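What follows is a set of notes on a single structure, which appears directly below.
Values quoted throughout were computed directly from the atomic coordinates according to the rules given, and no laboratory measurement underlies them. For clarity, every value in this text was computed on a predicted model and none was experimentally measured. Don't worry about glycine lacking a Cβ; one is built from the backbone with ideal geometry, like all the others, and counts go over all protein chains shown.
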Amino acid sequence: MGGTKAAAEEIEVAGQTVRLSSPDRVIFPKRGFTKADVFHYYVSVGDGIMRALRERPTTLQRFPDGIEGEMFFQKRVPTRGVPPWVRTAEISFPSGRKAAELCPADLAHVAWAAQMGTVVFHPWPVRAADVDHPDELRVDLDPQPGTDFAHAATAAAELRAILDELGVTGWPKTSGGRGMHVYLRIQPRWTFVEVRRATIALARELARRRPELVTTAWWKEERGERVFVDYNQMARDRTIACAYSLRATARATVSTPVTWDELPDVDPDDFDLRTVPQRLAQRGDPHAGIDETGWDLTPLLEWAERDAADGEGDLPYPPDHPKMPGEPKRVQPSKDRDRPR
């Protein structure tokens with residue numbers, strides 16, 4: 001005979017009543033973490049995750065039956081059955097289509113999303129007040145086969161040296177997997193195209209300084225055993241799991257802000273659903289000051305112009321993105337018949 005299901009609960013979060021149904025449903029089977037565990041995790045890291053999500057259109061990665069079940073990305077908030085206090089923001093995809101995405105105004109929005117089976121939060125790098133001009137430049141350091149987190153951390157440290165020369169503060173965090181993310185707060189004055197160009201310029205400078213460690217090669221066959229700077233994470237409609245978001249891993253790892261000083265000793269597997277709330281409560285949020293200053297992107301755009309003059313122009317966009325002006329051919333190098341041999 002089957003066991004009795006736990007009763008639904010009504011929990012007050014940020015002044016709103018959020019219903020938590022099926023609290024005993026297992027979301028992370030290998031750890032035994034339940035839907036209630038996920039829900040209460042997000043409430044416990046409220047200050048940190050709201051710093052990452054507040055007023056940002058957010059794609060929800062949902063696992064209604066747990067991480068080993070069906071997964072889907074929800075980019076549109078349903079028109080029915082949604083609490084009246086839930087806020088949305090309209091965003092435009094590269095195709096020109098639009099969607100009203102969840103736009104967390106307070107922690108109740110995060111709790112409601114967790115009730116809906118959301119495990120991972122993927123915010124856009126914009127605020128609801130201006131959805132076409134990013135205020136966050138994201139550097140995604142993605143280890144390729146043959147490399148690991150230690151290589152990504154080394155690349156991040158090299159990136160920090162470049163940012164120090166520019167007088168800019170970078171805010172590092174683990175990806176929740178093998179990679180690293182470094183965020184920059186920027187003034188919301190530039191388009192997605194311009195911010196992506198600036199990201200490419202920064203990535204190229206990093207690769208020049210550590211060519212044996214870092215690559216900007218879009219095609220996997222050209223990357224080798226290096227850390228790939230995924231500049232296309234700054235293309236419109238590309239998102240990254242935010243700070244304090246859980247990841248859909250067996251260990252229930254968390255994308256966790258870290259300080260530069262502790263980075264050399266970090267093991268990303270140490271940050272999970274159980275450990276991160278205690279870390280945040282005891283040590284505070286390493287990203288607490290991230291919103292204090294918005295950086296002028298002009299120096300990086302000047303680097304982009306310099307690179308273009310030297311023959312290093314744009315790089316390929318993602319395959320589902322419309323063809324962009326000045327973009328090179330989207331042809332795998334080994335299959336490009338026009339490529340010099």
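Out of the residues in the stretch 273-296 that are exposed (fewer than 14 other Cβ atoms within 10 Å of the Cβ) and among the small types (G, A, S), state the one that is nearest to D135 (Cα to Cα). So the residue we want is G289. For the stretch 282-299, a residue qualifies if it is without any contact (Cβ under 8 Å) to a residue 60 or more places away in the chain and within 25 Å of V119 (Cα to Cα), and the qualifying residues are Q282, R283, G284.
Of all residues in the stretch 127-140, those satisfying the criterion of being among the hydrophobic types (A, V, I, L, M, F, W, C), surrounded by fewer than 22 Cβ atoms within 10 Å (Cβ to Cβ) and under 27 Å from M180 (Cα atoms) are A128, V131. Beta carbons closer than 8 Å, at least 6 apart along the sequence or on distinct chains, pair a first residue in the stretch 91-109 that is free of Cβ contacts under 8 Å to residues at least 24 places away in the same chain with a second that is loosely packed, with under 14 Cβ neighbours inside 10 Å for K98/E90; K98/S92.
Are any of the residues in the stretch 208-217 under 13 Å from the mean Cα position of the chain (by Cα), touching a residue at least 40 places away in the same chain (Cβ under 8 Å) and either assigned to a strand (DSSP E or B) or crowded, with 18+ Cβ neighbours inside 10 Å (or both)? Break it down into steps so the answer makes sense when it comes.
Our first condition is that a residue be under 13 Å from the mean Cα position of the chain (by Cα); within the stretch 208-217, this holds for none.
Looking for residues that are under 13 Å from the mean Cα position of the chain (by Cα), touching a residue at least 40 places away in the same chain (Cβ under 8 Å) and either assigned to a strand (DSSP E or B) or crowded, with 18+ Cβ neighbours inside 10 Å (or both), one finds none in the stretch 208-217, hence no.
Only strands (runs of 3 or more DSSP E) whose full extent lies in the stretch 52-125 are considered here, and the ones with at least 1 residues that are surrounded by fewer than 20 Cβ atoms within 10 Å (Cβ to Cβ) are 58-62, 72-74, 88-92, 98-102. The set of residues in the stretch 156-179 being in contact with a helix residue (DSSP H, G or I) (Cβ under 7 Å, 6 or more places away or on another chain), in a helix (DSSP H, G or I) and either basic (K, R) or buried (at least 21 other Cβ atoms within 10 Å of the Cβ) (or both) consists of A156, L159.
I'd like to check something: does the stretch 184-204 contain any residue that is among the hydroxyl-bearing types (S, T, Y), out of contact with any strand residue (DSSP E or B) (no Cβ under 7 Å at 6 or more places or on another chain) and crowded, with 19+ Cβ neighbours inside 10 Å? No, that holds for no residue. Within the stretch 21-42, the residues that satisfy the criterion of being touching a helix residue (DSSP H, G or I) at 6+ places or on another chain (Cβ under 8 Å), within 26 Å of W85 (Cβ to Cβ) and surrounded by fewer than 21 Cβ atoms within 10 Å (Cβ to Cβ) are S21, S22, P23, R25. Residues in the stretch 250-266 that are in contact (Cβ under 8 Å) with a residue 24 or more places away in the chain and either in contact with a Pro (Cβ under 7 Å, 6 or more places away or on another chain) or over 28 Å from G69 (Cβ atoms) (or both) were compared, and the one that is surrounded by the most Cβ atoms within 10 Å (Cβ to Cβ) is P257.
For the stretch 57-71, does any single residue satisfy the condition of being hydroxyl-bearing (S, T, Y) and touching a strand residue (DSSP E or B) at 6+ places or on another chain (Cβ under 7 Å)? Even if it seems obvious, please write down each step before you answer.
Taking the stretch 57-71 and keeping what is hydroxyl-bearing (S, T, Y), we get 58-59.
Next, only the ones that are touching a strand residue (DSSP E or B) at 6+ places or on another chain (Cβ under 7 Å) stay: 58-59.
For the stretch 57-71, residues hydroxyl-bearing (S, T, Y) and touching a strand residue (DSSP E or B) at 6+ places or on another chain (Cβ under 7 Å): present.
For the stretch 43-77, the set of residues classified as touching a helix residue (DSSP H, G or I) at 6+ places or on another chain (Cβ under 9 Å) and of a type in the set (V, I, T) consists of V43, V45, I49, T58, listed by residue number.
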